[in-house]
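> Here's a structure for you.
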Amino acid sequence: MISYKELGLVNSREMFSRAVKGGYAIPAFNFNNMEQLQAIIKAASETKSPVILQVSKGARSYANETLLRYLAQGAVAYAKELGCKAPEIVLHLDHGDSFETCKSCIDSGFSSVMIDGSHLPYDENVALTKKVVEYAHQFDVTVEGELGVLAGVEDDVVAEVSHYTKPEEVIDFVTKTGCDSLAISIGTSHGAYKFTPEQCTRDPKTGLLVPPPLAFDILDAIMEKLPGFPIVLHGASSVPQEYVKIINENGGKLPDAVGIPEEQLRKASASAVCKINIDSDSRLAFTAAVRKVFTETPGEFDPRKYCGPARSLMEELYKHKIVNVLGSDGKLAEV
Ligand code: G3H
Ligand code: 13P
Ligand code: ZN
């Protein structure tokens, strides 16, 4: 049993409580490799932001869970080296699919886990989430549950249809399970294609797709039922069109990719939404930078020459999210 506390990590309880009161959100960035992690830690350290490092099932099988945990441990040391006296870094399991997966992460140094029982019948979701909470809380590990199903299909995170969270269920769910935060479904989805062109309108000036608004009425109803309770938004990438353009101009093919407009995420961050999950935007930044290098210098074969620019672009993206969208800059308890 390795305690996250020995690794210098923190759970999400304190930072969520401050974020809800302060009207901002903590960034939860997925990582699969060293370059993503370096960019996340540099961005969070330089902006003095708490940060959540998310590891998905896909990341665990791609990069190896043990290696990722050592990388996260290294991240704490790296943040200190960058001048952060007391970094607040959470190592979080994203979309945990079973009690066993959550237990294995808790036992190996994760400070927070998500148990995603959103696809199960309600009572089974309650029972599974409660079981994970009972185990996790013995070790002061925080637990995110989910109610409502996101639309979209992406790798291991599959949901064909979207079922918005039912506000009438949230009090019962949170009370029965004891979870520390709740992921909800209000119209976001995973991946770079969050809406079909038919669901959007087109901006007559730019020709770009304009997605429909998120269901803020449902978020308001949930907040009314659970005042001050930490709410989580998955599928919150904005799919920056400048990256899509670079990708498409350099041999890629991402027609009609569309995400959540940033002003909607700003509005959500100012509410009880205190954790915003971003993965696809980082993938797009990485891919855009690499494709550009390959087009401009086809003879390049040193991975540092294309992973380096990718890392720089991701760092710029993470800083932008922290400072201009989520508002978590300068929010470390000890600066
Ligand atoms: O929520 C989903 C994340 O984007 C993780 O995706 O399973 O492909 O790593 P992944
Ligand atoms: P995006 O695909 O919108 O980045 O969502 C990521 C996510 O929700 C990870 O759990
Ligand atoms: Zn997710």
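> Can you pull out the residues in the range 255-271 that are more than 30 Å from Gly22 (Cα to Cα) and either more than 16 Å from ligand 1 (Cβ to nearest atom) or in a helix (DSSP H, G or I) (or both)?
Pro255, Asp256
> Considering (1) more than 14 Å from ligand 1 (Cβ to nearest atom); (2) under 13 Å from Gly235 (Cβ atoms); (3) buried (at least 24 other Cβ atoms within 10 Å of the Cβ), say which one Cys274 fails and leave the rest.
Every listed condition holds for Cys274 apart from (2).
Listed here are the residues, each with its yes/no results for (1) more than 16 Å from ligand 3 (Cβ to nearest atom); (2) buried (at least 24 other Cβ atoms within 10 Å of the Cβ); (3) under 22 Å from the mean Cα position of the chain (by Cα).
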| position | (1), (2), (3) |
| --- | --- |
| Ser108 | yes, no, yes |
| Met114 | no, yes, yes |
| His119 | no, no, yes |
| Glu124 | yes, no, no |
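> I've got another one for you. For Glu168, are the conditions met, namely being closer than 19 Å to Tyr24 by Cα, at pLDDT 95 or above, away from ligand 1 (no atom under 13 Å from the Cβ) and charged (D, E, K, R)?
no
Every residue, every condition in (1) within 16 Å of ligand 1 (Cβ to nearest atom); (2) in a strand (DSSP E or B); (3) free of Cβ contacts under 8 Å to residues at least 60 places away in the same chain, yes or no:
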| site | (1), (2), (3) |
| --- | --- |
| Ala285 | yes, no, yes |
| Lys292 | no, no, yes |
| Arg304 | no, no, yes |
| Lys331 | no, no, no |
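> Report, by residue number, each residue of the range 47-97 that is surrounded by fewer than 19 Cβ atoms within 10 Å (Cβ to Cβ) and free of Cβ contacts under 8 Å to residues at least 40 places away in the same chain.
Ser61, Tyr62, Ala63, Asn64, Leu67, Tyr70, Gly74, Lys80, Glu81, Gly83
> OK, next. Any chance you could count how many residues in the range 85-99 are among the charged types (D, E, K, R), under 28 Å from Ala183 (Cβ atoms) and not in a strand (DSSP E or B)?
2
The values are calculated or read from the model by the stated rules, or taken from the named source; none is laboratory data. The structure presented is a predicted model; accordingly, all values stated were derived computationally and were not measured. No Cβ is skipped: glycine too gets one built from the backbone with ideal geometry, and neighbour counts run over all protein chains shown.
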